[in-house]
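Undergrad: The following block contains the structure, expressed as structure tokens.
Each value in this text was obtained by applying a stated rule to the coordinates, not by laboratory testing. Treat the numbers as computed from the prediction; the structure is a model and nothing was measured. Here Cβ is always computed from backbone atoms with ideal geometry, including for glycine, and neighbour counts include all displayed protein chains.
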Amino acid sequence: MKYIIILNLITGLLFSREKPDSLGNELPLVPTRTISFNTTEGTWMSLDVSPDGKSIIFDLVGDLYSIPFRGGEAKRITSGIAFDSQPVFSPDGQLISFISDRSGSENLWISNVNGSNPKQLSKSENGQYASPVFSNDG
């Protein structure tokens, strides 16, 4: 009788667990709080200068930012739970490519310079992408 009760408890615990999302994630997908901070430096950052030399795009703590080349206020391009990194400008300066885990694994993405209209270009489950580069013809 004790074994049946223990088996029922274990079975109940297994089936009462939170169900993973469609990607198999069990992490919360909605931020529970917002943390604001100011910084004047970063480490392990990637950056690229726009083809016209007027702006710099860079990553910091999993988000992408743009800042005028001569200095000024950085503008956030991407935000959220995804870790976006290694941004690069297209040769015409109209698009950016970057690595992101927003699909559940690191993959190659492309979007407009302001971060709008993101599109996933690769579909790897291993996340083996790094340092994207555009060919000279775009």
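Undergrad: Which pairs turn up if I take residues in region 87-113 that are on the phi > 0 side of the Ramachandran plot and look for partners that are charged (D, E, K, R) with beta carbon separation below 6 Å, at least 6 apart in sequence or on another chain?
TA: G93/D52
Undergrad: Here's a follow-up. Given (1) surrounded by fewer than 17 Cβ atoms within 10 Å (Cβ to Cβ); (2) within 15 Å of the chain's Cα centre (by Cα), where does E41 come up short, assuming only one miss?
TA: (2)
Undergrad: Moving on. Report, by residue number, each residue of region 42-86 that is among the small types (G, A, S) and more than 19 Å from S116 (Cβ to Cβ).
TA: Answer for region 42-86, where residues must be among the small types (G, A, S) and more than 19 Å from S116 (Cβ to Cβ): G42, S46, G53, G71, G72.
Undergrad: Restricting region 48-64 to residues that are over 17 Å from T34 (Cβ atoms) and within 15 Å of the chain's Cα centre (by Cα), which is surrounded by the fewest Cβ atoms within 10 Å (Cβ to Cβ)?
TA: So the residue we want is F58.
Undergrad: If you go through region 119-138 one residue at a time, do you hit one that is touching an Asp or Glu at 6+ places or on another chain (Cβ under 7 Å) and over 28 Å from V30 (Cβ atoms)?
TA: Yes, because at least one residue in region 119-138 is touching an Asp or Glu at 6+ places or on another chain (Cβ under 7 Å) and over 28 Å from V30 (Cβ atoms).
Undergrad: Right, next: Taking G72, is it free of Cβ contacts under 8 Å to residues at least 40 places away in the same chain and closer than 19 Å to V133 by Cα?
TA: No, not satisfied.
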